[in-house]
Amino acid sequence: MTAGTNGPGWPGGTGVPGGGDRPGSSPEDALFARRIVQLRGPLDEATAGDLAARLMYLDGSGDEAVTLYVDSPGGPLHAAFSVLDTIALLGVPVDTVCVGRAEGTAVAVVAAGRRRHAAPHARFRLGEPDVSVSGRADQLQSWATYHAEQAARLAGALAAATGQPAEHVEADLAAGRWLDAEQAQAY
C-alpha cells in the first residue's frame, strides 16, 4: 500500500482519503477518486489497517464497486485476515486485479474479489508466510497450534474462493506452487 507523502493519513495529507483530480493531487488520489485502491508491497499490519480503512471509507461513500490492485509478496496471516474480513463485511463489491505478483497471503486477497483479474504477466505463489518466533517451549507449542489453525483458515478461504478441495489447496500451499495468470484463472 502506498502511503500519502504530503502528510499523515490519506493521500494529499488532508486527513481525508482521496483528493480527486484537483491540481497537485497525486496519482493515488486520482485512483482513489475513481474507487481504486492498491496493495503494493508487503502486507504488514500497518498496510492492512490502512487498506481496510480505505475500503471502509469507500463503502460508506457510495454504492459502486471498488477495485483493488494487488502487487504484493504477502505477509503475516493476521494482516491478511484483517483485509479479508473487511472485504467480507463491506456493503459494496470489491473486484481484484493482480498487476504484478501475489504471493502467500496476497493470493487470498486477490481470491476474495467478486471478480478477479490478472495482467498477462502476473504471477501467483501459493504458500504460507515465513515466520520466526522465540519463547519458552510451552509458548512455542501454543503459537504452533494457533498458526496451524490460521493456516487452515487461509486454505479454507482459498478453497471456498476457488472451488478447489481444501486438501488440494493445503498441498499447494505447502509446496509453494507458482501459477501464471492463465493457470491461476483455471485454478
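Does Ala53 satisfy the condition of being open to solvent by 10 Å² or more (accessible area, probe 1.4 Å) and either hydrophobic (A, V, I, L, M, F, W, C) or touching a residue at least 24 places away in the same chain (Cβ under 8 Å) (or both)? Yes: the conditions hold for Ala53. Summed over the range 1-20, residues that are open to solvent by 30 Å² or more (accessible area, probe 1.4 Å) and at pLDDT 50 or above total 0. For the range 158-186, the tally of residues that are touching a Leu at 6+ places or on another chain (Cβ under 6 Å) and either open to solvent by 30 Å² or more (accessible area, probe 1.4 Å) or modelled with pLDDT under 95 (or both) stands at 1.
The values are calculated or read from the model by the stated rules, or taken from the named source; none is laboratory data. Since the model is a prediction, treat every value here as computed from it, not as a measurement. When we count neighbours, we look across all protein chains shown, and the Cβ atoms used for this are built from the backbone with ideal geometry, even at glycine. All accessible areas refer to the heavy atoms of the entire protein, side chains included, with ligands and DNA or RNA removed. Shrake-Rupley method; radii C 1.70, N 1.55, O 1.52, S 1.80 Å.
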